[in-house]
1. Where a ≥ b ≥ c are the square roots of the eigenvalues of the C-alpha gyration tensor, would you call region 59-124 rounded, which needs a/c under 1.5, or, failing that, prolate if a/b is larger than b/c, or oblate?
2. Taking the alpha-carbon distance from K97 and a cut-off under 16 Å, which lysines remain once sequence neighbours fewer than 8 residues away in the same chain are dropped?
3. Two decimals is fine: what is log10 I(q)/I(0) at q = 0.16 Å⁻¹ for region 110-164, from a Debye sum with one equal scatterer on every Cα and no solvent?
4. Please list, or write none, the aspartates and glutamates whose alpha carbon is within less than 20 Å of the alpha carbon of K12, excluding same-chain residues fewer than 8 places away.
5. Please report the spacing between the Cα centers of region 66-128 and region 19-37 in Å, no decimals.
6. Mind sorting M279, M296, M40 by how few other Cβ atoms lie within 10 Å of their own Cβ, fewest first?
7. Taking only the alpha-carbon positions of region 121-274 and ignoring solvent, what does the Debye formula give for the base-10 log of I(q)/I(0) at q = 0.13, 0.15, 0.17 Å⁻¹?
8. Here is the link list: K20/K300; K72/K162; K184/K235. Which ones come out longer than 27 Å on Cα distance?
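Read the figures in this text as sums done on the coordinates, not as results from a lab. The structure presented is a predicted model; accordingly, all values stated were derived computationally and were not measured. Every residue, glycine among them, receives a Cβ derived from its backbone with ideal geometry; neighbour counts consider all protein chains shown.
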Amino acid sequence: MAELDLYASLKKYFGFSQFKGLQEEVIRSILAGNNTFVVMPTGGGKSLCYQLPALMQEGTSIVVSPLIALMKNQVDVLRSLSSEEGIAHVLNSSLNKTEVKRVKSDIANGITKLLYVAPESLTKEEYVEFLSGQKISFLAIDEAHCISEWGHDFRPEYRNLKSIIQRIGDNIPIIGLTATATPKVQEDILKNLSMPDANTFKASFNRPNLYYEIRPKTKNVDADIIRFVKQNEGKSGIIYCLSRKRVEQLAQALQVNGIKAVPYHAGLDSKTRVRHQDMFLMEDVDVVVATIAFGMGIDKPDVRFVIHNDIPKSIESYYQETGRAGRDGGEGHCLAFYSYKDIEKLEKFMSGKPVAEQEIGHALLQEVVAYAETSISRRKFILHYFGEEYDNATGEGGMMDDNMRHPKKQIEAQNEAKQ
Ligand code: ADP
Ligand code: MG
């Protein structure tokens, strides 16, 4: 592949003149026909890693993604970049016969470069048969952590992708992409796809501009949160709570104290949810108090703080949720309130689940406990959890957490937490 082609294509299709992070290396690996594994934090630019080589190569790439809404969105974007509507298609159960025919003929005619499929649709005999007669450039598996039971979003259908793609064609390269950085999940993915030798690209998960802080959760948590928000008046922030009830109650407490805040959770009707989300994005309000239903796909670059009223159930969730602060590279304060009682509550929630799931849930929670009670650098802890070596003396953001700025002894940290 000529040097010029890669940059010319980047410009031509996406209008960018530079690659982000490891994109170029990843794309070269894919264009060379190698199995490739990509680990990059959310917002790192994973989509382009498979979209560009798909557009540059002959044949159709199959893209598996768990969310229909996300697939539709990507297809719309790709169509807007091209004069050819058939350049990208979604194949799923909502298509009628005529639509399926159109998709098939576009693929057969070499027009379609990206075919988005939900994993359950790909198992359909009719599609497997059709695709096995076509020229397929590669299979991209987005959100590849869905393969692993240790991932935060396990989907059994994802585990059959390898055998399906083998039926579609011999030696079709596979590209797995995920933002889940734990070594265990990564191992699982590579094993399930039987590609131990895949070219692996891992971006750093360090977010040097985020300040991590844990405070003991007491009866005065409302007052503590209100004080913090008032000290940060006019700044945008998200406050995560475990339950809808707590969301409503805390949003009210903030409002009563003169803070512009709205609640957000799945119990509100969709009109209200959209309205509250827009109010936050348009800065009609400063704070959104939410369950984890809020955040997926929301890209507000200047969120200045993320508060956890309740500690999340895994380090992955904590990293994802705190990661919504400081996207623009500016200040991002991540404050979590922690009490061991909340851990017990989370354990209790799991007690109805299958034993295997409980065991995994318990192990993930123990890591959260260790994180909350640690006296070492929180940044070091998080990055170590994600399999990354980090040295506070030389790494970026070395002093950006409470333990580094106000060192205390381990025992103190634990006692505080047990109060
Ligand atoms: P991820 O899937 O890793 O979370 P996305 O693929 O959604 O990330 O990309 C995040 C954002 O980065 C998108 O808005 C995308 O347009 C932008 N982006 C990707 N590659 C580049 C690039 N080379 N230059 C500038 N912006 C980019
Ligand atoms: Mg993505």
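1. Details: a/c = 1.55, a/b = 1.15, b/c = 1.36.
Verdict is oblate for region 59-124.
2. Reachable lysines: K124.
3. -0.53
4. Within the straight-line limit of under 20 Å, K12 reaches these aspartates and glutamates: E3, E24, E25, E58, D76, E84, E85.
5. 23 Å
6. On the way: M279 17, M296 11, M40 23.
If I rank by nearby Cβ atoms, fewest first, I get M296, M279, M40.
7. -0.83, -0.91, -1.01
8. K184/K235
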